[in-house]
Amino acid sequence: MDDPTMLDAYPFELENFDPAVDEISSEVVQPARHAADRSIARRASLQILYELDTTDHALADALAAHFSERPEAYAVRQIIRHLVGGVMRRRVEIDAILQEYAPDWPIDQVAVVDRNILRLGVFEFLMQKRSTPVPVIVNEAVHLAQLFGAEHSHSFVHGVLGAITNELAPEVELAADEGEAL
């Protein structure tokens, strides 16, 4: 701190600050993400995945357009990029899991909204290091299905994700305890 007069410009007293010892850092401290941020990110991610599933738009173009048109999504763009990018990178693997747990419904015949809600849920549950509890992931997916899906979409989403999480939860928790990346 070379300029002691800078402290004179503060409109309030800096308690416990000694300019001879302490320094002011220019480090940006990111606040912890609030649960509502992840909800906003999931909703935006679903919209982007729907676009990518129904058009030939490039991922980067879809993300850029979404961020420029929806300021609420811009604040959580890192989460959105993580979710959408993860689903797109692992889509074949996710679809195989979905097909296994919903064998009566070929994945290409599942409604686009439902398909992408399920993809998000499977990615969040199985394919990333997660801090979100499993019931929250399932509840958020069901809520998205209630908002954007058909009349009984939420039941279908709940049934498929419930089957996946009930069967695979012990294996996933064991892998997390052993320090493996999900």
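The values are calculated or read from the model by the stated rules, or taken from the named source; none is laboratory data. Just so you know, these numbers come straight off a predicted model, no measurement behind them. Cβ placement follows ideal geometry from the backbone for every residue including glycine, while neighbour counts extend to all protein chains displayed.
Looking only at residues in the stretch 95-104 that are outside any helix (DSSP H, G or I) and out of contact with any helix residue (DSSP H, G or I) (no Cβ under 8 Å at 6 or more places or on another chain), which one is surrounded by the fewest Cβ atoms within 10 Å (Cβ to Cβ)? It comes out as ASP104.
Do you know which residues across the stretch 105-118 are assigned to a helix (DSSP H, G or I), over 15 Å from the mean Cα position of the chain (by Cα) and either within 12 Å of LEU83 (Cβ to Cβ) or not acidic (Asp, Glu) (or both)? Outline the logic, then answer.
To start, the set of residues in the stretch 105-118 that are assigned to a helix (DSSP H, G or I) comprises 107-109, 112-118.
Add one more test, that the residue is over 15 Å from the mean Cα position of the chain (by Cα), and what stays is 107-109, 112-115.
Correct list: ILE107, GLN109, VAL112, VAL113, ARG115.
Looking across the stretch 68-94, the residues that are surrounded by fewer than 18 Cβ atoms within 10 Å (Cβ to Cβ) and not basic (Lys, Arg) come down to SER68, GLU69, PRO71, GLU72, TYR74, ALA75, GLN78, HIS82, GLY85, MET88, VAL92, GLU93. Regarding the stretch 119-129, can at least one residue be identified that is under 18 Å from SER39 (Cα atoms), outside any helix (DSSP H, G or I) and within 19 Å of the chain's Cα centre (by Cα)? Among the residues of the stretch 119-129, at least one is under 18 Å from SER39 (Cα atoms), outside any helix (DSSP H, G or I) and within 19 Å of the chain's Cα centre (by Cα), which makes the answer yes. Count of the stretch 39-68 residues, restricted to those that are farther than 14 Å from GLY86 by Cα, of a type outside the set (Gly, Ala, Ser) and either without any contact (Cβ under 8 Å) to a residue 40 or more places away in the chain or in contact with a strand residue (DSSP E or B) (Cβ under 6 Å, 6 or more places away or on another chain) (or both), is 9. Checking the condition in contact with a Ser or Thr (Cβ under 6 Å, 6 or more places away or on another chain) and modelled with pLDDT under 95, which residue from VAL76, VAL134 passes? Exactly one residue qualifies, and that residue is VAL134. Which of the residues spanning the stretch 130-146 are closer than 12 Å to SER39 by Cα and in a loop (DSSP other than H, G, I, E, B)? Listed by number, the list holds a single entry, THR132.
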